[in-house]
Amino acid sequence: MSLTVVGSIAFDAVQTPHGGRERMLGGAATHFALAASFFDEVRVVGPVGDDFGDEEYAVLHGRNVNTDDIEHVAGGKTFFWKGVYHENMNSRDTLETELNVFEHFDPKLSQASKDCDVLFLANIFPALQLNVRKQCEKARFVALDSMDLWVNIARDALVAAISEVDCVILNDSEVELFTGEREVVAGARKIMEHGPSSMVVKLGKYGAALVTNDDSFWIPAFPVDFVADPTGAGDSFAGGFVGAIAAHGGEATPEVLKLAMAYGTAVASYNVEEFGTERVARLTAPEIVERVQELKRITSFETPDIALKD
Ligand code: AMP
């Protein structure tokens, strides 16, 4: 099996109530790829500039991520994003976005990337997502992420891309913006009317909900002791989630989807404990398994046996 991800590779500057970094490796495709690398062979497609060097490649290679389809734009600068988190750490403001090489990004997939079994379209211009989706004809499971910007300025293109994927992953405020619905299940089902058979609604530090045509499944965030930096939590959730589905042959049965929610939650919980990719870059498989088991323990209970009064 193989998994292809298309999206941003970045340098991020981040400030949180617990500190900051002026320049660290980031980008949606980077966070996704590192997380998904525990589950499958991952190929990452995205552009970088001259400032992206051995140190950055080493992080990806350290997790055996295939970087053959990272496009080096000679003379260019890597995408740069700067954000600051509010005191509650659940919301942030973007201070700067320098698109740089991302501005004219036209994804070029090698045959190996096109032949993937599972595809993740990270947050990029939706027309490019659709273009990539069409190139990966054999993919058995395709998931897509997006953001408020595209809902606001490229809604039709976003709907067109959504209609060609199996699963959409958005946060609750994006679902509300897209559908006008405040309630998670109702909003998700409106999005699913465009075609996808499932949707994940991320709820930040409150966890995530999986919505299918006839059911929903809810999982809390793993209760970590300390959050240093939430950047990339959504993308590492997606990496664990989509990765787990890839590990099951791309077959997204209801049981596999629920288990995938737990893996996504576990990987994301490690991501937030340190800045950027620092923690996931040295994460181990047993650590992921430990948190998946702990999630099961803290969310299961016996069937109620208390005789209630009328
Ligand atoms: P997350 O915290 O999971 O939403 O992802 C944060 C990552 O998304 C950061 O590492 C940024 O580099 C990247 N990012 C921020 N803004 C954009 C954008 N407009 N397009 C693509 N990637 C972005």
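Below is a table of values for the structure above.
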quantity	calculated
Out-of-range pairs (alpha-carbon distance over 29 Å; input K82/K138; K114/K205; K108/K190; K82/K202; K138/K296; K108/K205)	K82/K138; K114/K205; K108/K190; K138/K296; K108/K205
Electrostatic dipole magnitude of segment 1-81 [Cβ: Lys, Arg +1; Asp, Glu -1; Cα centre; debye, to 20]	260
Cut-off 16 Å, label 7 Å out along Cα→Cβ of D51, residues of segment 79-98 by amide N	79-83, 95-98
H86, H61, ranked by accessible area, largest first (probe 1.4 Å)	H61, H86
Relative contact order (%) - segment 89-178, alpha-carbon pairs under 8 angstrom, separation at least six	26
For segment 139-282: rounded, prolate or oblate by the Cα gyration tensor [a/c cutoff 1.5]	prolate
Mean Kyte hydropathy of 0.0 or more with a Cα span along the axis of at least 15 Å, helices from DSSP in the chain	233-247, 254-271
Eligible aspartates and glutamates near K77 by straight Cα distance, threshold 12 Å, same-chain separation 8 or greater	D50, D51, E98, E103
The chain: relative contact order in percent, alpha carbon pairs under 8 Å with at least 6 residues between	18
Over segment 151-310, relative contact order from alpha-carbon pairs under 8 Å, at least 6 apart, %	16
Contour minus Cα-Cα distance for E290 and D214 (0.36 nm per residue)	24.3 nm
Rg(Cα) / (2.2 N^0.38 Å) computed for the chain, rounded to two decimals	0.95
Residue-normalised accessible area of segment 44-139, expressed per residue, 1.4 Å probe, Å²	50
Helix-only [θ]222 nm of the chain, DSSP H runs n ≥ 4, -39500 (n - 2.57) each, per residue, nearest 500	-10500 deg cm²/dmol
Percent of beta bridges antiparallel (DSSP, segment 12-146, rounded to nearest 5)	45
Set of aspartates and glutamates with alpha-carbon distance to K258 below 16 Å, sequence-local pairs under 8 removed	D166, D214, D215, E294
Segment K108-L95, extension gain: residue separation times 0.36 nm, minus the distance between their alpha carbons	1.7 nm
Protection-proxy order for peptides 271-277, 152-158, each taking the mean of Cβ atoms within 10 Å per residue, highest first	271-277, 152-158
The chain: antiparallel DSSP beta bridges as a percent of all, rounded to 5	40
S2 long-range amide H proximity, modeled H, under 5 Å	D117, V118
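The values are calculated or read from the model by the stated rules, or taken from the named source; none is laboratory data. Here the structure is a predicted model, which means the values were calculated and not measured. Because the Cβ atoms are built from the backbone with ideal geometry, glycine has one as well, and the counts that use them run over all protein chains shown. Calculation scope for accessible area: heavy atoms of the full protein, side chains included, ligands and nucleic acids excluded. Shrake-Rupley method; radii C 1.70, N 1.55, O 1.52, S 1.80 Å.
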